[in-house]
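Encoded as structure tokens, the structure appears first; notes follow it.
The values are calculated or read from the model by the stated rules, or taken from the named source; none is laboratory data. Quantities reported herein were computed from a predicted structural model and do not represent experimental measurements. Heads up, the Cβs are rebuilt from the backbone with ideal geometry, glycines too, and the neighbour counts pull from every protein chain shown. Remember, those area values only see protein heavy atoms, side chains included, never the ligands or the DNA or RNA. Shrake-Rupley method; radii C 1.70, N 1.55, O 1.52, S 1.80 Å.
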Amino acid sequence: MKSIVVLHHLLCLLLLFSHLKSVSSWKKEEFRNCDQTPFCKRARSRKPQHCKLIATDVVVDNGDLTAKLITPNNFQQNLDEDSSEIASKPLILSLSVYQNGILRLKIDEDPSQNPPKKRFEVPDVVLPEFESKKLWLQRHTKEVINGDSADSFVVYLYDGYEAVLRSDPFEVFVREQGSGNRVLSFNSHGLFDFEQLRVKKEGDNWEERFRSHTDSRPYGPQSISFDMSFYGADFVYGIPEHATTLSLKPTNGPGVEQSEPYRLFNLDVFEYITDSPFGLYGSIPFMLSHGKSHGTSGFFWLNAAEMQIDVLAPGWDTESSISLPSDQKRIDTLWMSEAGIIDSFFFIGPKPKDVAKQYASVTGTSAMPQLFATGYHQCRWNYRDEEDVKNVDSKFDEHDIPYDVLWLDIEHTNGKRYFTWDRVLFPNPEEMQKDLASRGRKMVTIVDPHIKRDEGYHIHKEASKNGYYVKDATGKDYDGWCWPGSSSYIDMVNPEIRSWWADKFAYTEYSGSTPSLYIWNDMNEPSVFNGPEVTMPRDALHYGNIEHRELHNAYGYYFHMATSDGLLKREGGKDRPFVLSRAFFPGTQRYGTVWTGDNTAEWEQLRVSVPMILTLGITGITFSGADVGGFFGNPDTELLVRWYQVAAYLPFFRGHAHHDTKRREPWLFGDRNTELMREAIRVRYTLLPYFYTLFREANVSGVPVVRPLWMEFPNDEATFNNDEAFMVGNALLVQGIYTENAKDASVYLPGDETWYDLRSGTAYKGGKTQKVEASGAIPVFQRSGTIIPRKDRFRRSTVQMENDPYTLVIALDSSGEAEGELYIDDGKSYDFKNGAYIHRRFLFSNGKLTSVNLATSASVGPTFLSDCTIERIILLGQTSKPKSARIEPANRVTEVELGPIQTRTGVRPSVLTIRKPNVKVSEDWSIQLL
């Protein structure tokens, strides 16, 4: 027996070693392609008009338009016995209409036909309050379309739009009233297929095998596929996570060579390759289209099973006889999922930000982060011990580089047991955190979902005793292999178990934690080193007899949710949690932050990080970033500097590296490079008032912090396929540098506006590509007509900045006007929800700057007050040369003179500056140029 145990441990060590070695390259053969995935292969093989279903029994019921989807008798007669049995069972369809132009389509098995079990519907993603926005349908109208033999059914959707259920052939689409132009359509090509669950009979062999793994598939094939068309589209975007361009390239059809579909299947992928449709750590099945002729629309399928999505090249259907409107440009897509139901949402836009808001009304807006989380984070796998932590922290101060958070990876624990500390390396964790906190800094530690199977480990002991682990197909606790060795995985689908997990973050449970400690969830795809495709087997069982295949993509989401709730519980609901997650799903934005995973130190990885983060933003996750410098490998110094310069303008800003890499803290590369990295980080801190205001906008509306150019310039076709530049809010355009030895850069500046160089104040005309100098920093421009708030005094962290005065940078448009906003709260609590905040709008017109209150008054509860003042006002594009300005209501005059646009040594005064107006940000006032 002992020899068997020893052999088992040796095999496990070999597995772990092979996993660690695999970080040197991405091994394509370890992951399934479409041909090795039966549901994908079947769906791709179907031809247009495959679907023979028709809609019958159409009625308005309980505020919805409902119907049965059936196979006509004349078609059933040509099927074999098994297929005929399935075809004879109807599907149930419902169409629901919601406020602001949202159509919901659901299709499921008919419960009256006694399916062997209920198919999985993803819980806890759609906001409860969304249902209150349902518009209860009272009636429908009938219409015959294109000479059909059966009626179509039409319901009013939104201002100028209506939804249509076509009976035969079955189709659902949204169109404009009057013109009849389509916006979105479902099953227009007849590719819909819905494999219903079955009871296994003698002789049925439903097993699937991949490499050494077998999937038992007890209910048979249960996949769903359909075509979805976007009309008036020049490009489609979305469906993260893939390391590829912002606009999605065709994956099937004429001119496409051997491409895989875009895969949505959360996976632990080492050193992922770029320009690939291969799925990574998270999945959001939400696609947007944009075009000059129609605008923007979107489609979201709430489904947590593996999904594959084809973007079909023009002409893919030329051999079919299907009839579609020929006068409308469109992009066709094919959606394929292994399991679940159809629970989908059509968003009609028509503007880019409309779609962002419509999607956010379904899945939620981003959580409002604490102010510290928007600063710079320093991480490594792993800082060795408390002395190492102290040294790194002190070096930031020695080199006058601000930062807010220091991170610890898995090596800080006692043998990879989460919620513990290595008492040799980290004997005094509370004192260590308090020392950081004394300088306004926080700490983040890692907590992963795999639990070491050790009877002496209290987390394992409780989870095992209470039945809180995911089960294998036989009903036993699933035993997989991860960092601790033999591990089991908490079943986070169960709300009771999530509550138990949340309790583990209490100070009495997480010994050594303090109020300044926050959390990082890694490996939560979930990663299983010895599982199929390095993840959990699909036939593993969760709470409610749900197969892992049905909820795989949502597992990390529930883990993230439970962790965030734990930090919320820990502080009695008063402190905003900060939790970083690697895996994600729709709704993740409500619980915290994500990053793009284990990237590499390559120029192409820096370049692709921008479209990856832009894609996350337009699909709801507005707080994301990429590991600065690349997690794997050693970046050359120029690459590292350029990475800092780009990442300083992205929402989540963290340096991180693998333990096999050389140390790369910003002061290790010589004085000049330290200066450049310091400057990049300082620019981020200078702009934190602007970033924090944008995070509040995202929290309220769902509009992302960083945006594709086309989101701000929806009619400028030159922006539609540009993913190397991006907007920060509506005011800043950032052009990254992604090649070595670049001394200048070509930057396309959209629209008719003037743009002002952020460093020099130099004006550039929009609507053309400009060549600009880029040797010391990347090109960044402020858009005319905007006002940006800054804090220009350099501090060691955000805490020290709290009472610092503000600078306003006003970039005037051709009419001499500009506007902007500033949002301030206490930076940490939820008091802002009760009105405890300052929200000002700044308007400049006719030579006068006015501050207007946008905050709603708090009738009860706490208030937020600030004595902060505005110490400088910079004017860009001011044609006259005023010498002074009058401040009201103080009836005071202050000077206007030339000053530097940035408060840096060596930058000559060159821009008009109102000196020391000293007006409070919390008050109404005006400043008139004289």
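For Y478, indicate whether it is of a type in the set (F, W, Y), modelled with pLDDT of 95 or more, open to solvent by 10 Å² or more (accessible area, probe 1.4 Å) and within 28 Å of F265 (Cβ to Cβ).
It is true that Y478 is of a type in the set (F, W, Y), modelled with pLDDT of 95 or more, open to solvent by 10 Å² or more (accessible area, probe 1.4 Å) and within 28 Å of F265 (Cβ to Cβ).
Look at segment 233-260 and say how many of its residues are open to solvent by less than 10 Å² (accessible area, probe 1.4 Å) and over 25 Å from W595 (Cβ atoms).
2
With the condition being surrounded by fewer than 20 Cβ atoms within 10 Å (Cβ to Cβ), free of Cβ contacts under 8 Å to residues at least 40 places away in the same chain and in contact with a Cys (Cβ under 9 Å, 6 or more places away or on another chain), I'd like the helices (runs of 4 or more DSSP H) fully within segment 487-575 carrying at least 2 qualifying residues.
Per the criteria, no element qualifies.
Taking interchain pairs and intrachain pairs at least six residues apart, which have beta carbon atoms under 6 angstrom, with the first residue in segment 395-410 and under 16 Å from D385 (Cα atoms) and the second hydroxyl-bearing (S, T, Y) and not in a loop (DSSP other than H, G, I, E, B)?
Here the result reads L408/T445, each pair linking segment 395-410 to a residue that is hydroxyl-bearing (S, T, Y) and not in a loop (DSSP other than H, G, I, E, B).
Can you tell me how many residues within segment 423-451 are out of contact with any Ser or Thr (no Cβ under 6 Å at 6 or more places or on another chain) and farther than 14 Å from Y518 by Cβ?
Residues meeting the conditions: 14.
Out of the residues in segment 652-672 that are closer than 25 Å to F691 by Cα and not in a loop (DSSP other than H, G, I, E, B), state the one that is farthest from the chain's Cα centre (by Cα).
So, considering only residues that are closer than 25 Å to F691 by Cα and not in a loop (DSSP other than H, G, I, E, B), the one farthest from the chain's Cα centre (by Cα) is G655.
Looking at segment 880-900 only, could you name the residues that are under 19 Å from E817 (Cβ atoms) and either assigned to a loop (DSSP other than H, G, I, E, B) or among the polar types (S, T, N, Q) (or both)?
Matches in segment 880-900: S880, K881, P882.
Just to be sure before I move on: is I613 in contact (Cβ under 8 Å) with a residue 12 or more places away in the chain, under 24 Å from Q735 (Cα atoms), in a loop (DSSP other than H, G, I, E, B) and out of contact with any Cys (no Cβ under 7 Å at 6 or more places or on another chain) in the structure I sent?
Judged against the criteria, I613 is not a match.
State which residue is least open to solvent (accessible area, probe 1.4 Å) when the search covers only segment 159-200 and only residues that are of a type in the set (D, E), farther than 24 Å from S293 by Cα and in a loop (DSSP other than H, G, I, E, B).
E195
Scan segment 611-625 and give yes if some residue there is surrounded by fewer than 24 Cβ atoms within 10 Å (Cβ to Cβ) and within 30 Å of G238 (Cβ to Cβ), otherwise no.
Yes, some residue in segment 611-625 is surrounded by fewer than 24 Cβ atoms within 10 Å (Cβ to Cβ) and within 30 Å of G238 (Cβ to Cβ).
With respect to D422, determine if the residue is over 30 Å from P128 (Cβ atoms), surrounded by fewer than 20 Cβ atoms within 10 Å (Cβ to Cβ), acidic (D, E) and touching a helix residue (DSSP H, G or I) at 6+ places or on another chain (Cβ under 7 Å).
Judged against the criteria, D422 is a match.
Has segment 699-710 got any residue that is surrounded by fewer than 21 Cβ atoms within 10 Å (Cβ to Cβ) and touching a Pro at 6+ places or on another chain (Cβ under 8 Å)?
For segment 699-710, residues surrounded by fewer than 21 Cβ atoms within 10 Å (Cβ to Cβ) and touching a Pro at 6+ places or on another chain (Cβ under 8 Å): absent.
Please verify whether Y555 is of a type outside the set (G, A, S) and touching a helix residue (DSSP H, G or I) at 6+ places or on another chain (Cβ under 7 Å), treating the condition exactly as stated.
Spelling it out, it is not the case that Y555 is of a type outside the set (G, A, S) and touching a helix residue (DSSP H, G or I) at 6+ places or on another chain (Cβ under 7 Å).
Of the numbered conditions (1) assigned to a loop (DSSP other than H, G, I, E, B); (2) at pLDDT 95 or above, L324 satisfies every one except a single condition; which is it?
With respect to (1) assigned to a loop (DSSP other than H, G, I, E, B); (2) at pLDDT 95 or above, L324 is out only on (2).
Please go through segment 201-232 and give me each residue that is open to solvent by 10 Å² or more (accessible area, probe 1.4 Å), touching a Pro at 6+ places or on another chain (Cβ under 9 Å) and of a type in the set (D, E), ordered by number.
E208, D215 - these are the residues of segment 201-232 that are open to solvent by 10 Å² or more (accessible area, probe 1.4 Å), touching a Pro at 6+ places or on another chain (Cβ under 9 Å) and of a type in the set (D, E).
Based on what the data block shows, is G364 surrounded by 19 or more Cβ atoms within 10 Å (Cβ to Cβ) and under 30 Å from S225 (Cα atoms)?
Criteria met by G364.
If S851 satisfies all but one of (1) small (G, A, S); (2) in a strand (DSSP E or B); (3) open to solvent by 60 Å² or more (accessible area, probe 1.4 Å), what's the number of the condition it fails?
(3)
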